[in-house]
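S.K.: For reference, the structure I am asking about is given below.
The values are calculated or read from the model by the stated rules, or taken from the named source; none is laboratory data. Being a predicted model, the structure only gives us computed values, none of them experimental. Positions of Cβ are generated from backbone atoms using ideal geometry, with glycine treated the same way; all protein chains shown enter the neighbour counts.
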Amino acid sequence: MPMVQDIAKYIVANIGTWIDPTVTPATGNIFMEQQPTVPDQSICVYQLPGNRPKRTLGGRYAWEEPRLRVVNRVSEAQGYGVAASDAKAIWDLLRVVVNQMVNGTFYMILDPAGSPAPQQLDPNNRPSYAQEFAVMKYLN
């Protein structure tokens, strides 16, 4: 399963706040690779280029090191305080993933590249936060 699906499903399973099955039946308000303009409160998980895959002594590729970006957004009325709180909940969930199976894939680590950071208001005056992780995961 692609990393963005693994992480989106992991967030769904562990933080139910953003789950509105009328938006997307499987993941509610959590999207992958493209954050739509609605709903206001949403999360989007992106895979970014990282380091090259690593080989074992036998020559086969054993693990990869992509990067992960998670962007959460809330309504204008909810404001930056709620966006910050949501971002912290996501950060707290993901930063402790070490040597763990996540939806059938073994993740050696989801290592925060820093703390969640506020972003500029979007065209609809909605605040958002972004955070990135360096990832090490076994190839399936």
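Conditions (1) closer than 19 Å to residue 128 by Cα; (2) at pLDDT 90 or above, marked per residue:
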| residue | (1), (2) |
| --- | --- |
| 11 | yes, yes |
| 19 | yes, no |
| 35 | yes, yes |
| 45 | yes, yes |
| 53 | no, yes |
| 56 | no, no |
| 74 | yes, yes |
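S.K.: Grab the strands (runs of 3 or more DSSP E) fully contained in the stretch 87-140, keeping just those with 2 or more residues being surrounded by 12 or more Cβ atoms within 10 Å (Cβ to Cβ) and among the small types (Gly, Ala, Ser).
M.R.: The qualifying strands (runs of 3 or more DSSP E) are 128-138.
S.K.: Now, a different point. Take the stretch 41-64 and flag every residue that is part of a strand (DSSP E or B), in contact with an Asp or Glu (Cβ under 9 Å, 6 or more places away or on another chain) and surrounded by 11 or more Cβ atoms within 10 Å (Cβ to Cβ). Step through it out loud before you land on a result.
M.R.: As a first pass, look at the stretch 41-64 and keep what is part of a strand (DSSP E or B): 42-55, 61-64.
With in contact with an Asp or Glu (Cβ under 9 Å, 6 or more places away or on another chain) added as a condition, the list becomes 43-48, 50-54.
Scanning the stretch 41-64 gives 43, 44, 45, 46, 47, 48, 50, 51, 53, 54.
S.K.: Is there any pair with a first residue in the stretch 97-112 that is closer than 14 Å to residue 66 by Cα and a second that is among the aromatic types (Phe, Trp, Tyr) and outside any strand (DSSP E or B) whose Cβ atoms are under 7 Å apart and which are 6 or more apart or on different chains, and what are they?
M.R.: 112/91
S.K.: Answer yes if at least one residue in the stretch 68-86 is of a type outside the set (Gly, Ala, Ser), out of contact with any strand residue (DSSP E or B) (no Cβ under 6 Å at 6 or more places or on another chain) and assigned to a strand (DSSP E or B), and no otherwise.
M.R.: No, there is no match, as no residue in the stretch 68-86 is of a type outside the set (Gly, Ala, Ser), out of contact with any strand residue (DSSP E or B) (no Cβ under 6 Å at 6 or more places or on another chain) and assigned to a strand (DSSP E or B).
S.K.: Identify all residues within the stretch 91-116 that are more than 20 Å from residue 15 (Cα to Cα) and of a type in the set (Gly, Ala, Ser); write none if there are none.
M.R.: Within the stretch 91-116, 113, 114 meet the criteria.
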